[in-house]
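Q: I have a structure I would like to understand better, so I am pasting it below and will then ask my questions one at a time.
Quick note: the coordinates plus some simple rules give every number you see, no bench work behind them. Not measured: the values here are computed from a predicted model. Positions of Cβ are generated from backbone atoms using ideal geometry, with glycine treated the same way; all protein chains shown enter the neighbour counts.
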Amino acid sequence: MILPEELASKSVIPAIRALIVKRLVEDHGMTQQEAAKLLGVTQPAVSKYLHEKRGAAIRLIGIREIDQATTEIAEMVSSQKAQPVEVMSRIEAACEYVRRNRYMCDLHKKLEPGMDIDSCHVCEQ
């Protein structure tokens, strides 16, 4: 049995980080090294996010609220004025949005074929 928190930590958080990294590099003109330092990850991790080798288990791009949140988080990070706790809070809120709006359900079903996602409401609580 895969708990929603496990699924979020292994798929949603990396997907959100990937979107933030993409915005930092493409929209804010940062190098991979600069983005890595600001996010507290390694440069190879940033490269994997950019090449969709990490953070690609769940597709969140195109979800208006997530696109807006990751754009705002990237702006907060690039300005270097936001406290880390602020950034963590915004990332956590984005994760919570994904859970509550059932964007993880299809991935959960794929990983656990016996899961009845139609009757599961764990993430909505």
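Q: For ARG99, only one of the following conditions fails: (1) buried (at least 16 other Cβ atoms within 10 Å of the Cβ); (2) farther than 23 Å from GLU26 by Cα; (3) out of contact with any Cys (no Cβ under 8 Å at 6 or more places or on another chain); (4) among the basic types (Lys, Arg). What is its number?
A: The one condition ARG99 does not meet is (3).
Q: Exactly one of these conditions fails for ALA82: (1) surrounded by 13 or more Cβ atoms within 10 Å (Cβ to Cβ); (2) within 15 Å of the chain's Cα centre (by Cα); (3) in a loop (DSSP other than H, G, I, E, B). Give me its number.
A: Among (1) surrounded by 13 or more Cβ atoms within 10 Å (Cβ to Cβ); (2) within 15 Å of the chain's Cα centre (by Cα); (3) in a loop (DSSP other than H, G, I, E, B), the lone unmet condition for ALA82 is (2).
Matching residues to (1) farther than 19 Å from GLU5 by Cα; (2) in contact with a Phe, Trp or Tyr (Cβ under 8 Å, 6 or more places away or on another chain); (3) of a type outside the set (D, E, K, R):
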position	(1), (2), (3)
PRO44	yes, no, yes
LEU50	yes, no, yes
GLY55	no, yes, yes
GLU75	yes, no, no
ALA82	yes, no, yes
ARG100	no, no, no
GLU112	no, no, no
GLN125	no, no, yes
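Q: In the stretch 47-96, what residues are farther than 14 Å from ILE16 by Cβ and among the hydrophobic types (A, V, I, L, M, F, W, C)?
A: Hits for the stretch 47-96 are LEU50, ALA82, VAL85.
Q: Follow-up question, since we're still on this one. Filter the stretch 1-50 down to residues that are under 25 Å from MET115 (Cβ atoms), touching a residue at least 40 places away in the same chain (Cβ under 8 Å) and part of a helix (DSSP H, G or I), then give me how many there are.
A: Number satisfying all stated conditions: 10.
Q: Moving to a separate point now. Name the residue that is farthest from GLN125 (Cα to Cα), counting only residues in the stretch 51-79 that are β-branched (Val, Ile, Thr) and assigned to a loop (DSSP other than H, G, I, E, B). Full working, then the answer.
A: Going residue by residue through the stretch 51-79, those that are β-branched (Val, Ile, Thr) are 58, 61, 63, 66, 70-71, 73, 77.
Okay, now just the ones that are also assigned to a loop (DSSP other than H, G, I, E, B), so 58, 61, 63.
Values: ILE58: 21, ILE61: 24, ILE63: 21 Å.
Ranking the candidates gives ILE61 first.
Q: Follow-up question, since we're still on this one. Which condition number does GLN33 fail, the rest of (1) closer than 18 Å to GLN80 by Cα; (2) crowded, with 21+ Cβ neighbours inside 10 Å being met?
A: (2)
Q: Examine the stretch 49-70 for a residue that is more than 18 Å from SER11 (Cα to Cα) and either surrounded by fewer than 14 Cβ atoms within 10 Å (Cβ to Cβ) or of a type in the set (A, V, I, L, M) (or both), and state whether such a residue exists. Walk me through it before giving the result.
A: The initial filter retains those residues of the stretch 49-70 that are more than 18 Å from SER11 (Cα to Cα), namely 64, 68.
From what is left, the residues that are either surrounded by fewer than 14 Cβ atoms within 10 Å (Cβ to Cβ) or of a type in the set (A, V, I, L, M) (or both) are 64, 68.
Checking the stretch 49-70: at least one residue is more than 18 Å from SER11 (Cα to Cα) and either surrounded by fewer than 14 Cβ atoms within 10 Å (Cβ to Cβ) or of a type in the set (A, V, I, L, M) (or both).
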